[in-house]
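> Below: one structure in structure tokens.
Only the coordinates and a few stated rules stand behind these numbers; no lab work does. Predicted model only: the values in this text are computed from it and were never measured. Here the Cβ is made from the backbone with ideal geometry for all residues, glycine too, and neighbour counts use every protein chain on show.
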Amino acid sequence: MARAGWQYKLPGKGMLDWDKFLRQAKSYGFDGTLSIEHEDAAYGWPGKDISARKEGERLGLSFLRNALKSI
């Protein structure tokens, strides 16, 4: 049974169109910091599986780096 409500997802794993979001932010002059708040249950959160959590962090960072290159 799927949980109702909000579910945290890593960048690239959820519903957000990151390319569109990043292009829009850039068009408004945003040049600040992007942060990943990793709470994606599919990648070890909130458990103690450190290797899964690190893999999630790696995937999220890789996705954002690639998305930023495309804008």
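> Given the criterion over 17 Å from Lys69 (Cα atoms) and exposed (fewer than 13 other Cβ atoms within 10 Å of the Cβ), identify the matching residue among Trp6, Trp45.
Going through Trp6, Trp45 in turn, the sole match is Trp6.
> Right, something else. Restrict the check to segment 8-27 and report whether at least one residue is in contact (Cβ under 8 Å) with a residue 24 or more places away in the chain and of a type in the set (Phe, Trp, Tyr).
Yes: one or more hits.
> Exactly one condition in (1) assigned to a helix (DSSP H, G or I); (2) surrounded by 10 or more Cβ atoms within 10 Å (Cβ to Cβ) is not met by Glu39; state its number.
So the condition that Glu39 fails would be (1).
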